[in-house]
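Report on the structure given below.
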Amino acid sequence: EFHFSSSPFLTLNTSRAASIRPASSGRIVLPAGGKHILALPAAYQQSNVLVEISGGGLTKSTAVYAHALDVQISESFGQLTVRHSGDRRPLSRTYVKVFADVNGTPVFYKDGYTDLRGKFDYASLSTGDLDGAHRFALLIMSDEHGAVVREVKPPSR
């Protein structure tokens, strides 16, 4: 949660990843067509990791979180539903923290917990703060089932 709160939009601050020494690295030759699916090594499949790929003069990185959460997001309504990825039961009491991107600056927007149906309204406020938001960063976190971060557009008004 601390890392998310200090940099909720990973795409705004990818330079932070440059100071991390990789625990593992390798070289892969892409087949013709340029597509290749690579599974995380078994040692990292139950861990939160930062995956970085370099090639052709470009470097891209993304955070991969170990979790058992199935998060369905309805951007048009500003709502999400959290279920267990194995048995599909709704997960109540799952913490959700929301930051808004307001003109390139991350601003805390709201937080709370999913209800008995596993639902959370991440966009609604009783103020006009939604008007300045260009996108949202959502941290969805369960003590028992892990965490996931998603970036979404605000609902149209």
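Tell me which residues, restricted to the stretch 133-149, are closer than 12 Å to A100 by Cα and exposed (fewer than 14 other Cβ atoms within 10 Å of the Cβ).
H134, the sole residue that qualifies.
May I ask you to list the residues in the stretch 109-132 that are crowded, with 20+ Cβ neighbours inside 10 Å, under 21 Å from S5 (Cβ atoms) and not aromatic (F, W, Y)?
Pass one, the stretch 109-132, residues crowded, with 20+ Cβ neighbours inside 10 Å: 109, 114, 118, 120, 122-123.
If we keep only those that are under 21 Å from S5 (Cβ atoms) too, we end up with 109, 114, 120, 122-123.
The answer is T114, A123.
Residue pairs, Cβ under 6 Å, 6 or more apart or interchain, first in the stretch 1-27 and open to solvent by 60 Å² or more (accessible area, probe 1.4 Å), second at pLDDT 70 or above. List them.
Cβ pairs passing all conditions: T14/S61.
Counting just the residues of the stretch 6-21 that are assigned to a loop (DSSP other than H, G, I, E, B) and within 25 Å of M141 (Cα to Cα), which one comes out modelled with the lowest pLDDT?
Once the filter is applied, the top-ranked residue is N13.
The values are calculated or read from the model by the stated rules, or taken from the named source; none is laboratory data. Model, not experiment: these values are computed from the prediction. Neighbour counts are summed over all protein chains in view; Cβ atoms, including those assigned to glycine, are modelled from backbone coordinates with ideal geometry. Calculation scope for accessible area: heavy atoms of the full protein, side chains included, ligands and nucleic acids excluded. Shrake-Rupley method; radii C 1.70, N 1.55, O 1.52, S 1.80 Å.
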